[in-house]
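*Asks:* My structure is below; once you've seen it, I'll send some questions.
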Amino acid sequence: MDSETLPPRIHNAYFFQAFNAISWQICLGSPLILFARELGAPAVVLGLLAGLAPLTSTLQLLVAPHAERIGYRKLMVSGWSARVAMLIFLMLLPLSVAFWPPAVVIGLMILIMAAFTSLRGIATCAWMPWITAIVPRAVRGAYLSRDRTFIGIASVGALAVAGLFLLDHDNMWAFSIVFGLSFLGGAVSLYFLNRIPEPVNQPAAATSLARLRWRDLLRDAAFVRLLTFAAVVQLCVLSTGAFITVFVREEVKIQDGLILLITAGATLVGIWGLRLLRSRIDGLGSRPFLGVVFLWWTLYYLAWFLLAAHLVEGAWLLAPLLMMAAGFFASIYELSFTRLMMNTVGDRAGTTRFFALQSVIVSIVAGVSPILWGWMLDNLQAVQFTTGRLTLNGYAIFFGVQWLLLGVVFLALNCVKEGNATATKTLLYRALVLAPGHRIAGITHRARL
């Protein structure tokens, strides 16, 4: 039934997201971080690379007031075309190591990625208002589940192929080929971007939006609560992914290629999570699933602390398991939050500005926090304090601070409201008690027959 209410040609949006995911999983993800680390980049540079995309997304504020007048498709296509062209330079960069010192190559990489992310920041403000305008409220959860499934499948393929090439991480040709795949994925995505349907109902007239000021958006209580939660999660949780990759590489001693294969496996597990939510989230709401994800974060960072402090053995097994499980809950968080954001501001005048302001504020936090976390790790490298079985080193302190900051996340989550949503405890009771009970009863009944 939900497929009958989705607009025609919506499959083009799925394929755009899939090929676009192939591109950004490589050029903004683990392969870029591993390449920078191979060149000897310090943690603060890794934080800068991780923060460029969110920082340059502030350019949305300049473009968002004009997005409806320019047109969503025109804005996206022009920005994405220029963005993809920058990947040609990234593809050639690993080969320059034979001619230039690592410091020069690192500098060029920062410049290329700054241009790439700036073009992305200019165009991206049109995407979520475009999708919100063409997808009805009643099926946004189902749409997002399919959308993220396409992204997940493409990401698995991209990371798996990149991982196979980078099993020999000393080969700069391998990095060049991997970045070439990023360029090809971005180029193909442009074909499908041009075929996504336009909104049937046009956004509010520019004359009425002209009177809407940015500060007026901050008077919307529901939007502000959701914005605060997103910013706190970005600061305390989502900004640490690059450093977990470095910890697994340097402390657990897992090879680069294998890290990418594990990341691909985590994405595959995330696809399973999307499948579970597809028929449930529109009925149960986003809020209870956000509560479940928070409970996972409390266990997740505690486990990393125990590993870094050498209080548990078997890091070679536990670290990959944590990374795989993180993929499951990351997909649940991203889908739940995006759906709640669409339903909160999607019907308001100035939708593009709401999405842009949320993206920019969260992105500023996302851009600054990895740099600060990287600076913190660089300054904690010499810390080594052992008492009994407990070893307090830089990474143990880092993960311990992350775990303590979850208290702030909990306060922000409690302020997020959603009408007619199921409570988190009700969702857990259904998932952990009722559902297994029904399965056991069914098995027992069939056994008696």
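Just so it is clear, none of the values below were taken in a lab; they were calculated from the coordinates. Just so we're clear, the structure is a prediction, and the values are computed from it rather than from any experiment.
*Asks:* Mean projection of the alpha-carbon convex hull of region 331-402 over all orientations, in nm²? Could you put the intermediate results ahead of the total?
*Replies:* Working: hull surface 27.1 nm².
For region 331-402, the mean projected area of the Cα convex hull comes to 6.8 nm².
*Asks:* Run the numbers on the chain and let me know its relative contact order in percent, using alpha-carbon pairs under 8 Å that are six or more apart. Each step should come with its number before you reach the end.
*Replies:* Numbers: 637 pairs, mean separation 124.3, N = 449.
It rounds to 28 percent for the chain.
*Asks:* Let me ask another. In terms of the Cα gyration tensor, with a ≥ b ≥ c the square roots of its eigenvalues, is region 106-191 rounded because a/c is under 1.5, prolate because a/b exceeds b/c, or oblate? Each step should come with its number before you reach the end.
*Replies:* Working: a/c = 3.24, a/b = 1.61, b/c = 2.01.
Since a/c reaches 1.5 but b/c is at least a/b, the shape of region 106-191 is classed as oblate.
*Asks:* Moving on to the next point. Using the Karplus curve 6.51 cos²θ - 1.76 cosθ + 1.60 with θ = phi - 60°, what ³J(HN,Hα) values do you get for each residue of region 311-323, in whole Hz, with x for Gly and Pro?
*Replies:* With the stated coefficients, region 311-323 comes to 8, 10, 9, x, 4, 4, 9, 5, 4, x, 5, 5, 5 Hz.
*Asks:* Okay, moving on. Whole-Hz Karplus ³J(HN,Hα) for region 214-226, in order, using 6.51 cos²θ - 1.76 cosθ + 1.60 and θ = phi - 60°, x for Gly and Pro?
*Replies:* For region 214-226, the Karplus curve yields 4, 5, 5, 5, 7, 8, 7, 4, 4, 5, 5, 4, 5 Hz.
*Asks:* With the convex hull built on the Cα atoms of the chain, state its orientation-averaged projected area in nm². Numbers along the way, then the final one.
*Replies:* Details: hull surface 94.8 nm².
Directional mean of the projected Cα hull area for the chain stands at 23.7 nm².
*Asks:* Follow-up question, since we're still on this one. Taking θ as phi - 60°, what are the ³J(HN,Hα) couplings along region 22-39 by the Karplus curve (6.51, -1.76, 1.60), each to the nearest whole Hz, with x for Gly and Pro?
*Replies:* 4, 5, 6, 4, 8, 7, 10, x, 4, x, 5, 5, 5, 5, 4, 5, 4, 7
*Asks:* Show the residues, 5+ positions off or on another chain, whose built amide H is closer than 5 Å to the amide H of Asn393.
*Replies:* Amide H to amide H, under 5 Å and 5 or more residues apart or across chains, Asn393 pairs with Phe385.
*Asks:* As a check on your grasp of the helix formula, calculate [θ] at 222 nm for the chain: sum -39500 (n - 2.57) over DSSP H runs of n ≥ 4, divide by the residue count, round to the nearest 500. Intermediate results must be reported in sequence, preceding the final value.
*Replies:* Details: 23 runs with 337 residues, N = 449.
Helix-only estimate at 222 nm: -24500 deg cm²/dmol.
*Asks:* Can you give the three extents of the C-alpha atoms in region 1-78 along their principal axes, from longest to shortest, in whole Å?
*Replies:* Principal-axis extents of the Cα atoms in region 1-78, largest first: 52, 32, 21 Å.
*Asks:* Can you tell me, using C-alpha contacts under 8 Å and at least 6 residues apart, the relative contact order of region 8-138 as a whole percent? Show your work: numbers first, answer last.
*Replies:* Details: 87 pairs, mean separation 47.1, N = 131.
Worked out over region 8-138, it gives 36 percent.
*Asks:* Using only the Cα atoms, work out Rg/Rh for region 244-354, with Rh taken as the Kirkwood radius, to two decimals.
*Replies:* Values: Rg = 17.0 Å, Rh = 15.7 Å.
Using only Cα positions, Rg/Rh for region 244-354 is 1.09.
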